[in-house]
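Please read the structure below before turning to the comments.
The values are calculated or read from the model by the stated rules, or taken from the named source; none is laboratory data. What you are looking at is a predicted structure, and each value in this text was computed from that prediction instead of being measured. Ideal geometry is used to build each Cβ from the backbone, glycine not excepted, and the neighbour counts take in all protein chains shown.
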Amino acid sequence: MKKRYTSTSIAQYWFAQWCLWSIIENRHFSTPPIPETLGVIFNKVYMLPELEYNQSVFIEITNPIHGGPGWDFGTCLWSPVQDKGGRNRWQILGDVKQNDFVIHLLKDPDYKWVGISKVESKVKSLKSSPPNPTDWADMAPYQRIDLYQYNPLSESAYVNNIFNSYTERLVEEYKKDKSQFYTLYGEEKELRIQQRYLAPCNNEIYAIFNEVSKSISFSPSFSENIIHVPTVNEPSYADYSAPSRKDVNVSRIIRDTKLSRKVKETYNWKCQICGMQIVLPTYDFYAEAHHLIPLGGNYNGPDVLGNLIILCPNHHTEFDYGSIAINPKTMLIEHTDKRNIFHNKNLNYSRKDLDLSSLKYHYENIFKK
Ligand SMILES: [Zn+2]
């Protein structure tokens, strides 16, 4: 039988297309569907990174001096903690989270959008001053946010052109929320940059920047999110007295160095004994790096990859106290308590980059076989 297309089935087809479009497109764009966008569903809709639910975007409005060497444009955000009147004028820096994005607007001599970067670490308060603080001289303490993966636009986009091309949408957004990177100036309601250093960038404003990206074929690339636990969550120094039976003192030095972060990342924040991966409410992972030959005291172990293993806090404590070890010959787990479920079992994962000498040292001198 010949298939007939009724008006109902055509309507259903278009409704299905529209639903599909809505699912893909409406995650960031609130504009109603228009037929030509159907063609790009399977192409790249997003030039700028698609935001995850917990990612925010901020807009930096600055000048090329930025702070001088070490505080260069595109590598950090910074400001005094308080203005000269004692107000927390740059409190917004406290809202910036790791893996958020920063859109950079530079005055040179007119305002241009010149790049986008990712946030490496949240705000830190510093007593030291940048070498070239210009208008913000003698205003310590300062606060600073490290950025990374700065992607410059090959062809900068003048902010005035953005204002002219998207006037209506920008005015509309300003009416809803005045904390934008721009303001409406004078009776003419002319769009102008707002002198506020850092401004939030909501989904609609981000959508506009995304459209500008499309028009100039700017497609920045970013690697995966970095996930590491802020150092403040890890005890910097704790001195535990080991059980008297063993008659040793073990210092627990847990440091969140670049190296230990790298090992944690490489091994997925998983305890090498039990495979436990601790997930924090922020969706960061937590793990501890253990030095087989301890760093402190007379041990003076090396802070190198081969001397570091990733452990959960329980197994870290057991390693420190010498209740558990890795047998360097068999590579099996050994526990002083033979009934322990990990005793004589394989490691959760093996590592080729561990130093046998470090394993041997821990096994012979701390596990005291
Ligand atoms: Zn464990």
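Descriptive notes on the structure:
- Looking across G94, G85, one residue alone is more than 26 Å from Y53 (Cβ to Cβ), surrounded by fewer than 21 Cβ atoms within 10 Å (Cβ to Cβ) and either in the same structural domain as A137 (by TED's automatic domain parsing) or within 19 Å of the chain's Cα centre (by Cα) (or both). It is G85.
- Residue match in the stretch 97-107 (condition: modelled with pLDDT of 95 or more, farther than 19 Å from S223 by Cβ and among the basic types (K, R)): no
- Candidates are the residues of the stretch 52-66 that are assigned to a loop (DSSP other than H, G, I, E, B) and under 23 Å from the mean Cα position of the chain (by Cα); the one that is surrounded by the fewest Cβ atoms within 10 Å (Cβ to Cβ) is Y53.
- Residues that are within 21 Å of K360 (Cβ to Cβ) and without any contact (Cβ under 8 Å) to a residue 24 or more places away in the chain were ranked within the stretch 256-301; the one that is nearest to the ligand (Cβ to nearest atom) is Y299.
- Selection from the stretch 172-188 of residues that are among the acidic types (D, E), part of a loop (DSSP other than H, G, I, E, B) and under 28 Å from the mean Cα position of the chain (by Cα): D177
- For the stretch 233-281, a residue qualifies if it is modelled with pLDDT under 50 and in contact with a Leu (Cβ under 6 Å, 6 or more places away or on another chain), and exactly one does: I253.
- Unique match (being within 16 Å of W71 (Cα to Cα), charged (D, E, K, R) and surrounded by 19 or more Cβ atoms within 10 Å (Cβ to Cβ)) among K122, K118, K112: K118
- Among (1) at positive phi; (2) within 16 Å of the ligand (Cβ to nearest atom); (3) of a type in the set (S, T, N, Q) - the single one S323 does not satisfy: (1)
- Candidates E204, E173, E190 - the one that is acidic (D, E) and free of Cβ contacts under 8 Å to residues at least 24 places away in the same chain: E190
- Among the residues of the stretch 134-155, the one identified as polar (S, T, N, Q), part of a strand (DSSP E or B) and loosely packed, with under 14 Cβ neighbours inside 10 Å is S154.
- Positions within the stretch 79-101 being assigned to a loop (DSSP other than H, G, I, E, B) and among the hydrophobic types (A, V, I, L, M, F, W, C), in sequence order: V81, W90, V96
- From the options I333, I310, residue that is within 12 Å of the ligand (Cβ to nearest atom), part of a strand (DSSP E or B) and touching a Leu at 6+ places or on another chain (Cβ under 9 Å): I333
- All told, R169 falls short of being basic (K, R) and in a strand (DSSP E or B).
- Condition broken by E318, with the remaining ones in (1) within 13 Å of the ligand (Cβ to nearest atom); (2) in a helix (DSSP H, G or I); (3) closer than 30 Å to E120 by Cα satisfied: (3)
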